[in-house]
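Asks: This is the structure, below, for whatever I ask next.
Bear in mind that the values in this text are calculations on the coordinates, not laboratory data. The structure presented is a predicted model; accordingly, all values stated were derived computationally and were not measured. Counting neighbours? That spans all protein chains shown, and the Cβs are built from the backbone with ideal geometry, glycine included.
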Amino acid sequence: MLSKYLLLSFFLLLLVGCSTEPSITNEKQAQKETQKIADDIADASATAEELETLSKDLEKLLE
C-alpha cells in the first residue's frame, strides 16, 4: 500500500517536472540534480521496504 503512494508521488513529481520549463542550463548541474532525485527515490523505496518488513514482524509478534 505504501509503495502505491510512493509510485503515485513519483509520477506526480514527474508530471510537474515535465510541465515546467527547465531552468537548469548547465549540463553538469542537471546531472547532479538527476542523480539526487534518483538517490531520493532509492532511499524512499528502501524505507518503504523496511517499513513493510517491520510491519510483518510486528504482526508475527502480535499473533
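Asks: Give the calculated FRET efficiency between residue 38 and residue 59 to the nearest 0.05, with a Förster radius of 35 Å applied to their Cβ-Cβ distance. Show your work: numbers first, answer last.
Replies: On the way: r = 32 Å, r/R0 = 0.91.
Efficiency at R0 = 35 Å is approximately 0.65.
Asks: Holding the Cα-Cα limit at 29 Å, pick out from 4/56; 32/56; 36/60 the pairs that are longer than that. Numbers along the way, then the final one.
Replies: On the way: 4/56 17 Å; 32/56 36 Å; 36/60 36 Å.
Flagged as over cut-off: 32/56; 36/60.
Asks: In nanometres, what is the gap between the two model label sites at residue 31 and residue 7, each 7 Å from Cα along Cα-to-Cβ?
Replies: Using points 7 Å along Cα→Cβ, the separation is 3.2 nm.
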